Amino acid sequence: MANSFQQDNLIGQSNALLEVLEHISQVAPLSKPVLIIGERGTGKELIAERLHYLSKRWEQSFIKLNCGALSENLLESELFGHDAGAFTGANKKHQGRFERADGGTLFLDELANTSALVQEKLLRVIEYGEFERVGGSQTIHADVRLICAANEDLPSLADAGEFRADLLDRLAFDVITLPPLRHRLDDIMPLAEHFAINMAKQLEQSLFTGFSPHALSQLMDYAWPGNIRELKNVVERSVYRHGDSPDAITDIIIDPFESPYRPKKQIKLPASDTHVICSPDNDVTQKRNSVSHPIKDFTDLTNTVSFPADFKKLSETYETQVLQQALKAGQFNQKKTAELLNLSYHQLRGILKKYNLLDK
């Protein structure tokens, strides 16, 4: 069968990366569950692929599923399959990911988003190697190595009763924690050059002209909250916009929305000729007084308001900025952000969903 694993995607020579690769080499040959923990964009799926293709199961199926992309019912059906007639629209038997991964490896991403019901069924599969399809009574046996990933602190979720502690114990035979790109500074330029060369090939350019000193500084000085995925997008965008010029790339386009013509969202207040403006960097300003500093507390917000005012819209504006500042302070890790705001993980996700701030 075709081997889709590309080793050159794991590029770098930093000590942090080399330690991870050594860890992978040790645990890969074992048919034991492994947890991969890391921020968004750190390459968790690539690590899972490496674990599979360095194992004795490398010739068998490598099946993957993002648990955060499906509702509970759909996730249950995708994992365990369903029999015909199990629910409305189930006209025929559906083979789940566990059946399809029999003899191989199943990779489950965003594990923290699974429900208690799904977690209970996962625990049974790990313990006994068996399950039933949704709507079925036949016991199905599957020999599957389970690799799971999360960008949350699962032990803290278990302590809070938001994740099954017994499932965590069974999954955590070993845990691989991936370093964020800001802790792999030696790897930024090799990765950037790799992505740039590949993009130049896609654009059918004769060569990659390199980065100027200014561009190098931009790449090295940025914090990369989106890690390798963000770096790849930024570099490819910069190469594309640079075009066929024979000169080195001088500008790194980190924010594609940056423009002097970027529209500002206006919140109009009734019965008043003033309004609050939310600027692109999420500072709340009052047009008449030209206040441009970020809100530090609710007093700052009220100082910008002209009355009469729309209380609901002002409150939403304030809450949105607090959430965005807390996400940034928590490095966009929702568990850390919830702790900063004294909320539970699920309370935070509900509020983020309300304001359309959830990562999709």
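Could you list all residues from region 231-254 that are farther than 15 Å from H194 by Cα, touching a helix residue (DSSP H, G or I) at 6+ places or on another chain (Cβ under 9 Å) and surrounded by fewer than 18 Cβ atoms within 10 Å (Cβ to Cβ)?
Residues satisfying the conditions are A248, T250, D251, I254.
Looking at region 43-90 only, could you name the residues that are assigned to a loop (DSSP other than H, G, I, E, B), within 16 Å of H23 (Cα to Cα) and at pLDDT 95 or above? Write out each step before concluding.
Going through region 43-90, the residues assigned to a loop (DSSP other than H, G, I, E, B) turn out to be 43, 54-61, 70-71, 81, 83-90.
So of that shortlist, the ones also within 16 Å of H23 (Cα to Cα) come out as 43, 54-55.
Within region 43-90, L54, S55 meet the criteria.
Among V125, V118, which is the only one that is in contact with a Cys (Cβ under 8 Å, 6 or more places away or on another chain), assigned to a helix (DSSP H, G or I) and among the hydrophobic types (A, V, I, L, M, F, W, C)?
Answer to the check: V118.
Could you please find all residues in region 41-64 being surrounded by fewer than 19 Cβ atoms within 10 Å (Cβ to Cβ) and under 30 Å from V234 (Cα atoms)?
First, pick out the residues of region 41-64 that are surrounded by fewer than 19 Cβ atoms within 10 Å (Cβ to Cβ): 45-46, 53-54, 56, 58-61, 64.
Matches in region 41-64: E45, L46, Y53, K64.
Can you list residue pairs whose Cβ atoms sit under 8 Å apart, with the first residue in region 114-132 being of a type in the set (G, A, S) and the second being in a helix (DSSP H, G or I)? Count only pairs 6 or more apart in sequence or on different chains.
From region 114-132, the pairs are S115/E72; S115/L75.
If you take the residues of region 340-360 that are open to solvent by 100 Å² or more (accessible area, probe 1.4 Å) and either assigned to a loop (DSSP other than H, G, I, E, B) or of a type in the set (D, E, K, R) (or both), which of them is modelled with the highest pLDDT?
Here the residue is N342.
If a residue has to be surrounded by fewer than 19 Cβ atoms within 10 Å (Cβ to Cβ) and touching a strand residue (DSSP E or B) at 6+ places or on another chain (Cβ under 9 Å) to count, how many in region 122-141 make the cut?
Filtering region 122-141 down to residues surrounded by fewer than 19 Cβ atoms within 10 Å (Cβ to Cβ) leaves 123-124, 126-130, 132, 135-141.
From what's left, touching a strand residue (DSSP E or B) at 6+ places or on another chain (Cβ under 9 Å): 124, 126, 128-130, 132, 135-136, 138-141.
Qualifying residue count, region 122-141: 12.
Among (1) among the β-branched types (V, I, T); (2) over 21 Å from the mean Cα position of the chain (by Cα); (3) modelled with pLDDT under 95, which single condition is V27 missing?
Tallying (1) among the β-branched types (V, I, T); (2) over 21 Å from the mean Cα position of the chain (by Cα); (3) modelled with pLDDT under 95, V27 fails exactly one: (3).
Need pairs with beta-carbon distance below 8 Å; first residue open to solvent by 70 Å² or more (accessible area, probe 1.4 Å) and within region 313-333, second among the hydroxyl-bearing types (S, T, Y) and in a helix (DSSP H, G or I); sequence gap 6+ or separate chains.
Listed by first residue and then by second, the contacts come to A329/T337.
The values are calculated or read from the model by the stated rules, or taken from the named source; none is laboratory data. Since the structure is predicted, the reported quantities are computational estimates derived from the model, not experimental observations. So basically every Cβ, Gly included, is an ideal-geometry build from the backbone, and we count neighbours across all protein chains shown. For the accessible areas, the whole protein counts, side chains as well, though only heavy atoms, and no ligand, DNA or RNA atoms are used. Shrake-Rupley method; radii C 1.70, N 1.55, O 1.52, S 1.80 Å.
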